[in-house]
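> Attaching a single structure in structure tokens format; questions to follow.
The values are calculated or read from the model by the stated rules, or taken from the named source; none is laboratory data. As the structure is a computational prediction, the values presented were derived from the model and not from experiment. Don't worry about glycine lacking a Cβ; one is built from the backbone with ideal geometry, like all the others, and counts go over all protein chains shown.
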Amino acid sequence: MQRNGLITSPIRSLRSRQYHDHAMTILIYSTACLALLPLIAILWSTISHGSTRFDWYFLTHNMKGVVGGLYPYGGVLNAILGTLLITITATLISVPIGLFTAIYMVEYAHGGVISTMISFLVDVMSGIPSIVAGLFAYALFSFFFGPGCINGFVGAVALSILMIPTVIRSCEQMLDIVPRDLREASYALGATKSRTIINIVLRSSLPGIVSGVLLAIARVIGETAPLLIASGSVSFTNLNLFNGRMSSLPVYVYNQYAEGMAVCSASARAAVHPCIPGIRMERAWAAALVLILIVLFLNLIGRFISHRFSVSHL
Amino acid sequence: MIHTSSTHSTSTFVSRTLCRYADTIFKYITLIAGLIILFILTAVTVFLLIQAAPAMVGDKNQTVWAIRSLSGGRTIHFWTYVGPLIFGTILTSFLALVCALFIALGVALFITQYAPRPLAFILSHVIDLLAAVPSVIFGLWGGLVLVPSTYPFWKWMNTYFGWIPLFSGQASNPPRTVATVSLVLTIMILPIICSMARDIFQQTPVLLKEAALGLGATQWEMIKLAVLPFGKKGVISAAMLGLGRALGETMAVLMILSPGDLYSWKLLVASQNQTIAANIAAQFPESDSAGVSVLIATGLVLFVITFLVNIAAHHLTGNAIHTKQKNNIRHPLCINKQFIRCSETD
Amino acid sequence: MGQGLEVINENIYYGAFHAVENVTMSIHKNAITALIGPSGCGKSTFLRTLNRMHEVTPKAYCTGEVLLDGVNLYGKDINLVDVRRQIGMVFQKANPFPTMSIRDNVLAGIRLNHKRLSKTEADDLVEWALQGANLWNEVRDKLSSPGIALSGGQQQRLCIARAVAMHPSVLLMDEPTSALDPISTLAIEDLITELKKEFTIVIVTHNMQQAARCSDYTGFFNVQGNGKPSHLVEFNQTEQLFSNPLQRETDDYISGHFG
């Protein structure tokens, strides 16, 4: 059709084609600008609202004995420690499984039945909704330990389900780009396969793997739904993964938001330490700021490592 | 001198044997890790089934009571309970997908075909960072910032486009509606689709693009001729993955939407729909064991839906993955000029 | 000192595909043997069977015997890893380990095989190997800088040093100069001529001048047609093969009629 147009009336067609081209260019430029807006808006809201309550006191106190909008205003320490414990445990579970699976897929399986199946299952696993992962962990532990088994470790198991596929995929990519030459050079020096993998392949892809793991951590550290179900929340600082509910930052944000505005009497508002009706929203924003800082920090470190330390393979 | 094992001194022979064992052991460790994946997914399915079973076939009285209490007395049947939830889940996700797909394609084209290098670099990183923002922060932002500030826009839509059934009814204020939720979901799945589309567009062969430009095509015609057809399959599977993410999204929906249990298309009216994931998160804390097993059963339904979507995505990229695997086997042979003449086999 | 290799009735297969047919040749010790032939004729494949590197490729296997000083490399109680320690290999593209310094690259073979060396032993070995590869004078002041920071020709010599450091008796080279400029090529050719005092050298090249310049013996491989296995057409002293080939095929190839 286009060709016919060109032949019959070339000049007019050219003009309309150029008009079309300009229109699409403008459209594409505007979508790019549009895409920038949400991140800026979210960062700006979080920083401006979060900074009200974001101070040393907030970071070093938990929610024990905090009532309504009254003083003491409470803090986020229990949630920060909970998030760290749960995420570290999830990482300790996921990284060995993910890394070894990736090694199996890249170095040992040569497109066999098992590797095709694993590859397919990893794809399916990466699509598990986060709340279903939480339900799974809950179902698993209630099956063995009776209903209502909710603690930090259950949450960590839920997070590892979400983390394992990410770790596998990024490790696979990193192992894949190690040139075959290097493996052959190592074999030619008489190294065994396992030593070649450990000393040459893993060593060359280490920065990529580390940054992949950091990005995977950054992704699961903000997961809320599974922890809401599997770990719950608690006002004091619980450092035992296996006993009792454990707060985490995202769940803290949600709980503060969900509890809504506090009720303050006129006299309480006039006190030395006034009752603040919007205290929970302030805490939610401040905790969100802590969370977003952790996530951005992990992202930046991850990207820095992969840029700075990655070895150029000739 | 080649050493046969008989000429070894005992100690080196032992260490050599250990070495060989180490090799085998290492291989089996990696294989076991792989099998664990297989085991985990089976376990997920089995445990969800075990826990959901009471809701589907178990003690009728208990289940009936649980469903009645969960649905606020609306129904006593599992499928009539979960029906509106499925509808709400698909409605919000699909709306988000439609909006996100066009923006994501625009951004991906901008990054790969239009933007100068530094700008493209910055924009890709901004998009990646957007993907890193936790969903609870989207929920908080949506609930506290977006909900109050978008009301005038929804009101305007309602006034001028109210004749379209989707925008009919009385626009709710505050707009804790499907429309606002879909807007947030759009922002959330945008980076997923965008970064995949970007990676695919970047792989468009330069020759293909130059061929189009050489025929006198404008930039946009080149994109239509070379880039989009090349990336079509990948974009569809990216969209599927984005849809999968939207279907399972819990927090943003939970924190923004005012839930309802209707099969309603009125996007601008609150309390019409609810999604499976948000419903689980909302009801779970106050449920007894019968209630929990009903919720787990709804979770299983969600799992099946996302599973089907992912299968579809996998099926679409299946061919691409297949050729990649073939290349993995053939490629090194070609490089080393072994056995086969590459030009003849490829 | 180098050792001779004896290849008897070797056939190489890739799955069901018969790649190289019935090769018998004796590779003389402390001499340079060049393997020439058109691309795709199986000369690299054959070279890789001499230290069992072909086993890295899935489904590849060979039959027949390769004797190093009378011991069959494919014998039942021979350890694959021992074979490769005895018979070193240098590849088409220089491939120093990117995460290692020049010094560590030279010592890589020792380290990968769990051998421990004292610092002075290691220093001596590094100097000896780099001197053997004619690289010592260029890199003596920057042994701790990364191996991939060197130029292409230097990288290839570093790879030779890495192979030499294992004290192999045979060195296999798979088109070691095909990715290098003429000056680096010349440097490597000089080096190879030096190295034959200590090692037996087998070099695959698609450059007939190179074979004529530096080898003592030459083998010519050819393939009859598509899908057919390739075979060793002629094996002789280099001068003999180039000046007075016995086979018509060889004559056609070296006079440039095909390939």
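> Any chance you could count how many residues in segment B:302-311 are in contact (Cβ under 8 Å) with a residue 24 or more places away in the chain and closer than 14 Å to B:VAL44 by Cβ?
Keep residues of segment B:302-311 that are in contact (Cβ under 8 Å) with a residue 24 or more places away in the chain, which gives B:302-303, B:305-306, B:309-310.
Now drop any that are not closer than 14 Å to B:VAL44 by Cβ, which leaves B:302-303, B:306, B:310.
Result for segment B:302-311: 4.
> Can you tell me which of C:PHE235, C:PHE221 is touching a residue at least 60 places away in the same chain (Cβ under 8 Å), in contact with a Lys or Arg (Cβ under 6 Å, 6 or more places away or on another chain) and on the phi < 0 side of the Ramachandran plot?
Numbers: C:PHE235 fails: in contact with a Lys or Arg (Cβ under 6 Å, 6 or more places away or on another chain).
Only one candidate qualifies: C:PHE221.
> Within segment C:25-64, take every residue that is among the hydroxyl-bearing types (Ser, Thr, Tyr) and surrounded by fewer than 17 Cβ atoms within 10 Å (Cβ to Cβ) and give me the one that is nearest to the other protein chains (Cβ to nearest Cβ).
Applying the filter and picking the extreme gives C:SER39.
> State the number of residues belonging to segment C:12-39 that are in a loop (DSSP other than H, G, I, E, B) and under 21 Å from C:GLU249 (Cα atoms). I'd like the intermediate steps shown before the answer.
At the first step, the residues of segment C:12-39 found to be in a loop (DSSP other than H, G, I, E, B) are C:15-16, C:28-31, C:37-39.
Cutting the leftovers down to under 21 Å from C:GLU249 (Cα atoms) gives us C:37-39.
Matching residues across segment C:12-39 total 3.
> Can you pull out the residues in segment B:98-145 that are among the β-branched types (Val, Ile, Thr), assigned to a helix (DSSP H, G or I), within 18 Å of the chain's Cα centre (by Cα) and facing chain A (nearest Cβ under 7 Å)? If you could, list the steps in order and put the result at the bottom.
If we filter segment B:98-145 for residues that are among the β-branched types (Val, Ile, Thr), which is where we start, we get B:98, B:103, B:107, B:111-112, B:122, B:126-127, B:133, B:136-137, B:145.
The next check asks that each one be assigned to a helix (DSSP H, G or I); those that pass are B:98, B:103, B:107, B:111-112, B:122, B:126-127, B:136-137, B:145.
Retained after the next criterion (residues that are within 18 Å of the chain's Cα centre (by Cα)): B:98, B:103, B:127, B:136.
Passing the criteria: B:ILE103, B:ILE127, B:VAL136.
> Sticking with this structure for a sec: Spot the failing condition for A:GLY98; the list is (1) in a helix (DSSP H, G or I); (2) at the interface with another protein chain (Cβ under 7 Å from one of its Cβ atoms), and only one is missed.
Every listed condition holds for A:GLY98 apart from (2).
> Condition (residue is outside any helix (DSSP H, G or I), more than 7 Å from every other protein chain (Cβ to nearest Cβ) and closer than 30 Å to B:GLY291 by Cβ) applied to segment A:132-148: is it met by at least one residue?
Pass one, segment A:132-148, residues outside any helix (DSSP H, G or I): A:146-148.
In the following step, the residues that additionally are more than 7 Å from every other protein chain (Cβ to nearest Cβ) were identified as A:146, A:148.
So of that shortlist, the ones also closer than 30 Å to B:GLY291 by Cβ come out as A:146, A:148.
Yes.
> Given A:VAL220, A:VAL213, which one is crowded, with 24+ Cβ neighbours inside 10 Å, within 17 Å of the chain's Cα centre (by Cα) and not aromatic (Phe, Trp, Tyr)? Show your work before the answer.
Values: A:VAL213 fails: crowded, with 24+ Cβ neighbours inside 10 Å.
Answer to the selection: A:VAL220.
> Filter segment B:203-228 down to the residues that are touching a Lys or Arg at 6+ places or on another chain (Cβ under 8 Å) and not in a loop (DSSP other than H, G, I, E, B) and list them by number.
Once the filter is applied, which keeps residues that are touching a Lys or Arg at 6+ places or on another chain (Cβ under 8 Å) and not in a loop (DSSP other than H, G, I, E, B), segment B:203-228 yields B:GLU221, B:MET222, B:ALA226, B:VAL227.
> Out of all the residues in segment B:293-304, which are more than 9 Å from chain A (Cβ to nearest Cβ) and within 15 Å of the chain's Cα centre (by Cα)?
If the condition is that a residue be more than 9 Å from chain A (Cβ to nearest Cβ) and within 15 Å of the chain's Cα centre (by Cα), then B:VAL304 is the only one that fits.
> Does B:MET157 satisfy the criteria of being under 24 Å from A:GLY212 (Cα atoms) and aliphatic (A, V, I, L, M)? Even if it seems obvious, please write down each step before you answer.
Values: under 24 Å from A:GLY212 (Cα atoms): no; aliphatic (A, V, I, L, M): yes.
Criteria not met by B:MET157.
> Quick check on my filter: what residues within segment B:262-284 are at pLDDT 85 or above and more than 8 Å from every other protein chain (Cβ to nearest Cβ)? Full working, then the answer.
Let us first name the residues in segment B:262-284 that are at pLDDT 85 or above, namely B:263, B:272-284.
B:TYR263, B:GLN272, B:ASN273, B:GLN274, B:THR275, B:ILE276, B:ALA278, B:ASN279, B:ALA282, B:GLN283, listed by residue number.
> Hey, another quick one. Can you tell me which condition A:ILE276 does not meet? The list is (1) modelled with pLDDT under 90; (2) under 20 Å from A:ILE88 (Cα atoms); (3) β-branched (Val, Ile, Thr), and all the others hold.
Tallying (1) modelled with pLDDT under 90; (2) under 20 Å from A:ILE88 (Cα atoms); (3) β-branched (Val, Ile, Thr), A:ILE276 fails exactly one: (2).
> Please find, within segment B:12-29, the residue that is surrounded by the most Cβ atoms within 10 Å (Cβ to Cβ) out of those that are modelled with pLDDT of 85 or more and either more than 7 Å from chain A (Cβ to nearest Cβ) or farther than 10 Å from A:LYS193 by Cα (or both). First the steps, then the outcome.
From segment B:12-29, those modelled with pLDDT of 85 or more are B:24-29; that's our starting set.
Still in the running and either more than 7 Å from chain A (Cβ to nearest Cβ) or farther than 10 Å from A:LYS193 by Cα (or both): B:24-25, B:28-29.
Numbers: B:THR24: 11, B:ILE25: 12, B:TYR28: 13, B:ILE29: 15.
Applying the filter and picking the extreme gives B:ILE29.
> Based on this model, can you work out whether B:SER149 counts as hydroxyl-bearing (Ser, Thr, Tyr), under 22 Å from A:LEU27 (Cα atoms) and assigned to a helix (DSSP H, G or I)?
Numbers: hydroxyl-bearing (Ser, Thr, Tyr): yes; under 22 Å from A:LEU27 (Cα atoms): no; assigned to a helix (DSSP H, G or I): yes.
Answer is no for this residue.
> Specify the residue that is nearest to the other protein chains (Cβ to nearest Cβ); the eligible residues are those in segment C:1-11 that are assigned to a loop (DSSP other than H, G, I, E, B) and more than 23 Å from A:ALA185 (Cβ to Cβ).
Of all residues in segment C:1-11, those assigned to a loop (DSSP other than H, G, I, E, B) come to C:1-4.
With the extra rule that they be more than 23 Å from A:ALA185 (Cβ to Cβ), the set shrinks to C:1, C:4.
Numbers: C:MET1: 11, C:GLY4: 13 Å.
Ranking the qualifying residues of segment C:1-11, first place goes to C:MET1.
> So which of B:PHE307, B:PHE339 ends up being of a type in the set (Phe, Trp, Tyr) and either modelled with pLDDT of 75 or more or within 19 Å of the chain's Cα centre (by Cα) (or both)?
On the way: B:PHE339 fails: either modelled with pLDDT of 75 or more or within 19 Å of the chain's Cα centre (by Cα) (or both).
Criteria check complete, one pass: B:PHE307.
> Considering only helices (runs of 4 or more DSSP H) fully contained in segment C:131-216, which possess at least 2 residues that are touching a strand residue (DSSP E or B) at 6+ places or on another chain (Cβ under 7 Å)? Give the steps one after another, and end with the answer.
Values: elements: C:136-139, C:152-164, C:182-195, C:208-214.
Per the criteria, C:152-164, C:182-195, C:208-214.
> If you take the residues in segment A:111-127 that are of a type in the set (Val, Ile, Thr) and at the interface with another protein chain (Cβ under 7 Å from one of its Cβ atoms), which one is surrounded by the fewest Cβ atoms within 10 Å (Cβ to Cβ)? Write out each step before concluding.
To start, the set of residues in segment A:111-127 that are of a type in the set (Val, Ile, Thr) comprises A:113-114, A:116, A:118, A:122, A:124.
Those left that are additionally at the interface with another protein chain (Cβ under 7 Å from one of its Cβ atoms): A:114, A:118, A:122, A:124.
Working: A:ILE114: 15, A:ILE118: 25, A:VAL122: 25, A:VAL124: 18.
This residue is A:ILE114.
> Only one residue in C:ALA133, C:ALA122, C:ALA108 is facing chain A (nearest Cβ under 9 Å) and at negative phi. Which one? Give the steps one after another, and end with the answer.
Values: C:ALA133 fails: facing chain A (nearest Cβ under 9 Å); C:ALA122 fails: facing chain A (nearest Cβ under 9 Å).
After applying the criteria, what remains is C:ALA108.
> Condition check: β-branched (Val, Ile, Thr) and assigned to a helix (DSSP H, G or I). Does B:THR75 satisfy that?
no
> Do we have C:LEU143 as closer than 20 Å to C:SER44 by Cβ, buried (at least 16 other Cβ atoms within 10 Å of the Cβ) and not polar (S, T, N, Q) here? Quick ask: steps written out before the conclusion?
On the way: closer than 20 Å to C:SER44 by Cβ: no; buried (at least 16 other Cβ atoms within 10 Å of the Cβ): yes; not polar (S, T, N, Q): yes.
The answer is no for C:LEU143.
> When the residues of segment B:209-242 are filtered to those that are aliphatic (A, V, I, L, M) and either in contact with a Cys (Cβ under 8 Å, 6 or more places away or on another chain) or under 20 Å from B:LEU308 (Cα atoms) (or both), which remaining residue is modelled with the lowest pLDDT?
The first filter runs over segment B:209-242 and keeps only residues aliphatic (A, V, I, L, M), leaving B:211-213, B:215, B:217, B:222-223, B:225-228, B:235-236, B:238-241.
Right, trim to either in contact with a Cys (Cβ under 8 Å, 6 or more places away or on another chain) or under 20 Å from B:LEU308 (Cα atoms) (or both) and you get B:235-236, B:238-241.
On the way: B:VAL235: 89, B:ILE236: 88, B:ALA238: 88, B:ALA239: 90, B:MET240: 89, B:LEU241: 85.
Among those that are aliphatic (A, V, I, L, M) and either in contact with a Cys (Cβ under 8 Å, 6 or more places away or on another chain) or under 20 Å from B:LEU308 (Cα atoms) (or both), it is B:LEU241.
> Looking only at segment B:111-120, decide whether some residue is within 30 Å of B:ALA179 (Cα to Cα) and touching a residue at least 24 places away in the same chain (Cβ under 8 Å). Steps first, please.
Within segment B:111-120, the first condition is being within 30 Å of B:ALA179 (Cα to Cα), and the residues that meet it are B:111.
Right, trim to touching a residue at least 24 places away in the same chain (Cβ under 8 Å) and you get B:111.
Yes, segment B:111-120 contains at least one residue that is within 30 Å of B:ALA179 (Cα to Cα) and touching a residue at least 24 places away in the same chain (Cβ under 8 Å).
> Go through (1) over 22 Å from the mean Cα position of the chain (by Cα); (2) among the small types (Gly, Ala, Ser); (3) surrounded by fewer than 19 Cβ atoms within 10 Å (Cβ to Cβ); (4) within 14 Å of chain A (Cβ to nearest Cβ) for B:GLY72 and report which single condition fails.
The one condition B:GLY72 does not meet is (4).
> Only one of (1) closer than 23 Å to C:ALA31 by Cα; (2) free of Cβ contacts under 8 Å to residues at least 40 places away in the same chain; (3) not hydrophobic (A, V, I, L, M, F, W, C) fails for C:GLY132. Which number is that?
For C:GLY132, the failing item is (2).
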